[in-house]
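Read the figures in this text as sums done on the coordinates, not as results from a lab. These numbers were taken from a predicted model, which means no experiment stands behind them. Reconstructed Cβ throughout: ideal geometry from the backbone, glycine too, with neighbour counts over all protein chains shown.
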Amino acid sequence: MSKEVLIVDDDPDFVETIEIVLQGNGYETRTANDGEEALKKVKEKAPDIILLDIMMKTKGDGIWVSEKIRSEEDLKEIPIIMITAVNQDAEMAKFHFEQESDMEYMPVNVFMEKPIEIEELLEEINKLIGAS
């Protein structure tokens, strides 16, 4: 049975590209284009891993989504790769998590910058959830 990746990003071109790559490498995919939709889909059926954009224009950003997921007992173990378009966003998020989070688990497992290096993405997914 193949592993499922939830791709959460408000850039349809990015989502389509990542879907093609992941499906071509044996992963199942679902998508969400904002934080609220992502949270709803995670609660309906937990994916094996989440690729989560940090900055989305509507209905919950990546920080909000990751903190909500980590606060849910049955969801908090899902690996999250936080994707950011700008290095400064990643640094701000890391600072936010280090300063604000008293949770047992870091809200994300990995930070990656756009443009995503496909081989690096596949390597990180494999490290976090194993081969599909």
### Task
Would you mind calculating the gained length between Lys59 and Ala85 on full extension (0.36 nm times residue separation, minus the Cα-Cα distance), in nm to one decimal?
7.5 nm
#### Entry: Ile49 long-range amide H proximity, modeled H, under 5 Å
Glu4, Leu6
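Using packing as a proxy for protection, rank 30-43, 70-83, 115-128, 49-62 so that the peptide with the highest average count of other Cβ atoms within 10 Å comes first.
Final packing ranking: 49-62, 30-43, 70-83, 115-128.
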#### Entry: Pairs from Lys57/Lys114; Lys45/Lys68; Lys3/Lys43; Lys57/Lys127; Lys3/Lys59; Lys43/Lys76 whose Cα-Cα separation, in the structure shown, is over 23 Å
Lys57/Lys127; Lys3/Lys59
### Query
Taking θ as phi - 60°, what are the ³J(HN,Hα) couplings along the range 22-35 by the Karplus curve (6.51, -1.76, 1.60), each to the nearest whole Hz, with x for Gly and Pro?
5, 5, x, 9, x, 9, 8, 10, 10, 10, 9, 10, 7, x
### Query
Extension gain Ala46-Glu28, at 0.36 nm per residue separation less the Cα-Cα distance, in nm?
5.2 nm
